[in-house]
Amino acid sequence: MIDIVKISEIVDEAARTATGIPQFSDTRALGVDEAYAVQSLSMQRRYARGEKRIGFKMGLTSRAKMVQMGVEDVIIGRLTDEMREEEGGIISVADYVHPRVEPEIAFLMKKPLSGVVSMLEAMDAVGAVAGAIEIIDSRYNAFKFDLGDVIADNSSSSGFVLGNWFAPDTDISNLGMVLSKNGRAMEIGSSAAILGHPVRSLVSAARMVAQLNEELKPGDIVLAGGATAAFAVAPGDSILLEVQSLGQVAFNVGA
Ligand code: 0L1
Ligand code: MG
């Protein structure tokens, strides 16, 4: 029988110490429900150490990533206060196993939201929107995992940087996004690549938190998912995201 508690300890310790581990699917693949149970237990360990739950991230939100993983639905992970990195600051790669960055749209919730909701109901619960850079980091060696592995590993949730908040009625349906490294554009995309409209990702988040017996609360941050492929960062890199209508988000990478 699979030991959910033991696996949650292993993924939590890998995240805490930024140490790569073998994927569990090499020996016994985790089902989706088992993987979310592992994620919940590993998050309980973080909360017990004093980290605060501050929201959620959505993953596999682009068609390309779904096809790559052979899945039909998005995945969800939890955000804590310790994952937030300072805009304009320096992140330390020592805090990550092998960090990658991707351009995102973030929502700041002003009302509770959970269950099956429409896009209009979802937007009515949003207090502000922002450009954001997610710093994903799989704890699995060589970034290799199956669906159960990645869900168990908090859906690669590891760090994020937020830009300035803008009014919730800002049109975010099709915003140009350019993610650059050291002054060179590495990924160019549109917010429309996030499930066709980033608010669809918030609708999915509401459905999925309800399945986890949670809800989106006022003050929660929701990262809607990557608009392009992610790329690796290394010490010395300067990362800049420019989002049409939402300004810039930047940080530097240190040892
Ligand atoms: O945020 C994401 O879409 C990443 C989800 C997990 C897959 C990965 O780490 O690439
Ligand atoms: Mg992401």
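The values are calculated or read from the model by the stated rules, or taken from the named source; none is laboratory data. The shown structure was predicted, so the numbers you read here are calculated from the model rather than taken from an experiment. Here the Cβ positions follow ideal geometry from the backbone for every residue, glycine too, while neighbour counts run over all protein chains shown. Just the protein is used for accessible areas: all its heavy atoms, side chains included, with ligands, DNA and RNA removed. Shrake-Rupley method; radii C 1.70, N 1.55, O 1.52, S 1.80 Å.
List of remarks:
- Any hit, the range 184-206, residues being more than 28 Å from Asp95 (Cα to Cα), over 17 Å from the mean Cα position of the chain (by Cα) and of a type in the set (D, E, K, R): no
- Close pairs from the range 207-234: first within 21 Å of Lys111 (Cα to Cα), partner acidic (Asp, Glu) and away from ligand 1 (no atom under 11 Å from the Cβ), Cβ under 7 Å, at least 6 apart: Val209/Glu215
- Filtered residue count, the range 43-84, keeping only those that are more than 12 Å from ligand 2 (Cβ to nearest atom) and at positive phi: 3
- Residue match in the range 95-110 (condition: without any contact (Cβ under 8 Å) to a residue 24 or more places away in the chain and either of a type in the set (D, E, K, R) or not in a strand (DSSP E or B) (or both)): no
- Flag for Asn164 being open to solvent by 40 Å² or more (accessible area, probe 1.4 Å) and within 26 Å of Leu240 (Cβ to Cβ): yes
- The condition of being among the β-branched types (Val, Ile, Thr) and more than 16 Å from ligand 1 (Cβ to nearest atom) holds for Ile188.
- Within the span defined as the range 96-103, one or more residues are modelled with pLDDT of 95 or more and either touching a His at 6+ places or on another chain (Cβ under 9 Å) or surrounded by fewer than 19 Cβ atoms within 10 Å (Cβ to Cβ) (or both).
Rundown of residues vs (1) assigned to a loop (DSSP other than H, G, I, E, B); (2) within 16 Å of ligand 1 (Cβ to nearest atom); (3) open to solvent by less than 30 Å² (accessible area, probe 1.4 Å), yes/no style:
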site	(1), (2), (3)
Leu30	yes, yes, yes
Glu34	no, no, no
Ala37	no, no, no
Leu41	no, no, no
Arg45	no, no, no
Gly50	yes, no, no
Lys65	no, yes, no
Glu72	yes, yes, no
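Okay, residues lined up against (1) surrounded by fewer than 16 Cβ atoms within 10 Å (Cβ to Cβ); (2) in contact with a Lys or Arg (Cβ under 9 Å, 6 or more places away or on another chain):
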position: Ile136; (1), (2): no, yes
position: Phe143; (1), (2): no, yes
position: Asp146; (1), (2): no, no
position: Ser173; (1), (2): yes, no
position: Asn182; (1), (2): yes, no
position: Ser201; (1), (2): no, no
position: Ser204; (1), (2): no, no
position: Gln211; (1), (2): yes, no
position: Gly225; (1), (2): no, yes
